[in-house]
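Working notes, beginning with the structure itself.
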Amino acid sequence: MPADAPGLTHIRCGDDILETLRASGLPGTPFCWMDPLCDGPTPGTLDEDRFRPVRATWLAGRYRLDRDTVLATLTAQDRALDAAVAGGDELVLWVEHSLFDQLILVRLLDRLWPRAAGRLSLIALDRHPAIGRFVGLGQLDAGQLAALFPGRRRVTAAQAALAARTWRAFTADTPEPLEALLTEAGLGALPFLGPALDRHRRQYPWRQDGLTLTERRALAAVAAGALTAPAVFAFLQARERAPWQAPAMVEAGLRDLAAGPTPLLVLDDGSPSAGPLALTDAGRAVLGGRRDGLEQRSRDRWLGGVRLGAAGPNWRWDDAARRISARPE
């Protein structure tokens, strides 16, 4: 972040609008703070200096990156953000309604409040009059982004308090705090947060078939003729009210489905992007509801602060009851 930033930092959880913001004529410095907190471990028992290495190790393995480079990036973006706070900048957070953005929003509000109280502003939207199907801020041009800026709102103490409660619930080692949070009547301070967290819950294995919602849709996409990761990505995007996964996240999920002693997918050349993808017999059985998808593969995975595994409760999403509960073994 340049030292001559004129007292204003635009924070975006990705690089999709950084150049457009630079072209918009708005004052200040666009800055990317990105960590896909919707994917992988976020254990709430760790302080920041231990949290970042856990994230870096997992992200490097998940996305086939260099671990030291990832850790350096995570550390540098935190240090740059701290410098902006110390320098007295107004910090403008640009987010949309997706799970990806909303989790980063609560993480940053929890991290920055109260150090930057009174200097945090928010631009958050789930639609735009010029866009038929609003997917994200990356669809907007420089003029459209500039027109949003005067409508930014100061972050309130109520929003910061809700963010802190949400981050604690999301990073807890059981899903009960998140379930309790979603029964509260006070989520309106951040109006897109409730639906985003509800989507997160559907990433737990479902009671009916042991698949997450994304996994079920991915298998259905392949069954319908989507033979490459980009085709599956397009299939998934079309079915999300608030798309939240990047292509790399979909590719990693397809590799998961093709891994383990009983893969549900086959990758002929080992590359989801190149294809062709195909369902295995087990994949067809799971998709057809004749076998449990989680029983066929490793249970070891993370959802926020919750680690699913053979040693812990068999947490499942119950779509009929619309809640997460432990299924008896």
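For this structure, a couple of remarks:
- Of all the criteria given as (1) surrounded by 15 or more Cβ atoms within 10 Å (Cβ to Cβ); (2) over 22 Å from L197 (Cβ atoms), the one not satisfied by G270 is (1).
- Selection within the range 240-281 - in a helix (DSSP H, G or I) and within 16 Å of G225 (Cβ to Cβ): L254
- Qualifying residue in the range 64-72 (condition: under 20 Å from the mean Cα position of the chain (by Cα) and under 24 Å from W167 (Cα atoms)): yes
- Extreme residue, surrounded by the most Cβ atoms within 10 Å (Cβ to Cβ), among residues of the range 179-217 that are assigned to a loop (DSSP other than H, G, I, E, B) and of a type in the set (D, E): D209
- Summed over the range 111-134, the residues that are surrounded by fewer than 18 Cβ atoms within 10 Å (Cβ to Cβ) and out of contact with any strand residue (DSSP E or B) (no Cβ under 8 Å at 6 or more places or on another chain) give a count of 10.
- Checked across the range 219-228, the condition of being within 28 Å of R55 (Cβ to Cβ) and either buried (at least 18 other Cβ atoms within 10 Å of the Cβ) or within 18 Å of the chain's Cα centre (by Cα) (or both) holds for no residue.
- Once the range 71-93 is narrowed to residues that are of a type in the set (D, E, K, R) and more than 12 Å from R115 (Cα to Cα), the residue that is surrounded by the fewest Cβ atoms within 10 Å (Cβ to Cβ) is R79.
- Residues located in the range 170-184, provided they are touching a residue at least 40 places away in the same chain (Cβ under 8 Å) and of a type in the set (G, A, S): A172
- If you go through the range 163-177 and keep only what is closer than 16 Å to W317 by Cβ and in contact with a Ser or Thr (Cβ under 8 Å, 6 or more places away or on another chain), you end up with just F170.
- The residue that is modelled with the highest pLDDT, among those in the range 290-312 that are surrounded by fewer than 16 Cβ atoms within 10 Å (Cβ to Cβ) and over 23 Å from the mean Cα position of the chain (by Cα), is R290.
- Candidate set: the range 282-329, residues that are part of a loop (DSSP other than H, G, I, E, B) and polar (S, T, N, Q); chosen: the one farthest from P175 (Cα to Cα): S298
- Odd one out for S273, checked against (1) touching a helix residue (DSSP H, G or I) at 6+ places or on another chain (Cβ under 8 Å); (2) at pLDDT 90 or above; (3) not acidic (D, E): (2)
- Residue within the range 19-37 that is among the β-branched types (V, I, T), modelled with pLDDT of 95 or more, assigned to a loop (DSSP other than H, G, I, E, B) and assigned by TED's automatic domain parsing to the domain that holds G151 present: no
The values are calculated or read from the model by the stated rules, or taken from the named source; none is laboratory data. What you are looking at is a predicted structure, and each value in this text was computed from that prediction instead of being measured. FYI the Cβ positions are ideal-geometry reconstructions off the backbone, even for glycines, and counts take in every protein chain you see.
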